[in-house]
Amino acid sequence: QGDPLDVSVLLWTRAVPINGVPDQDVPVCVSFKIFSNSKLTGKPLDTGEGFTTYDVDFTVKFEATNLKPDTKYWYQFADCTNAKIVSPVGATRTLSAPNSTHNRLC
């Protein structure tokens, strides 16, 4: 993950096809879900899906939105065509709100 804001985070992954040598002509569909708990239970706070291809080294980025400032979240990527193929669970955190006392220097 990277580039956190106070209400969103940018999630990215590399999704190389698992069938051996990747076919340069076939895009790969990746989905994500982000949760407020490490067990990934309940309704996801945000979800999305997108395609990635050989020309970008099978990397894909998503912006998870509608999050709360200074909060820890857990996310997971999956293959859109086979939901049983998932990534390890990742964790991220949003930044403090711009007017937060955490952002003030002494």
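The values are calculated or read from the model by the stated rules, or taken from the named source; none is laboratory data. In this text, all values refer to a predicted model and were calculated from it rather than measured experimentally. Counting neighbours? That spans all protein chains shown, and the Cβs are built from the backbone with ideal geometry, glycine included. These area figures cover heavy atoms from the full protein model, side chains too; ligands, DNA and RNA do not enter into them. Shrake-Rupley method; radii C 1.70, N 1.55, O 1.52, S 1.80 Å.
In the range 3-44, the residue that is farthest from Thr92 (Cα to Cα) out of those that are in contact with a Ser or Thr (Cβ under 9 Å, 6 or more places away or on another chain) and charged (D, E, K, R) is Asp25.
In the range 44-61, the residues that are more than 13 Å from Leu10 (Cβ to Cβ) and touching a residue at least 40 places away in the same chain (Cβ under 8 Å) reach residues that are assigned to a strand (DSSP E or B) and open to solvent by 80 Å² or more (accessible area, probe 1.4 Å) with C-beta atoms within less than 6 angstrom, at least six apart or across chains, in these pairs: Phe58/Arg14. Restricting the search to strands (runs of 3 or more DSSP E) fully inside the range 31-106 and requiring at least 1 residues that are modelled with pLDDT of 95 or more and crowded, with 17+ Cβ neighbours inside 10 Å gives 46-52, 59-64, 72-79, 90-93. Only residues that are in contact with a Lys or Arg (Cβ under 8 Å, 6 or more places away or on another chain), farther than 14 Å from Val30 by Cβ and in contact (Cβ under 8 Å) with a residue 60 or more places away in the chain were counted across the range 62-89, and they come to 2.
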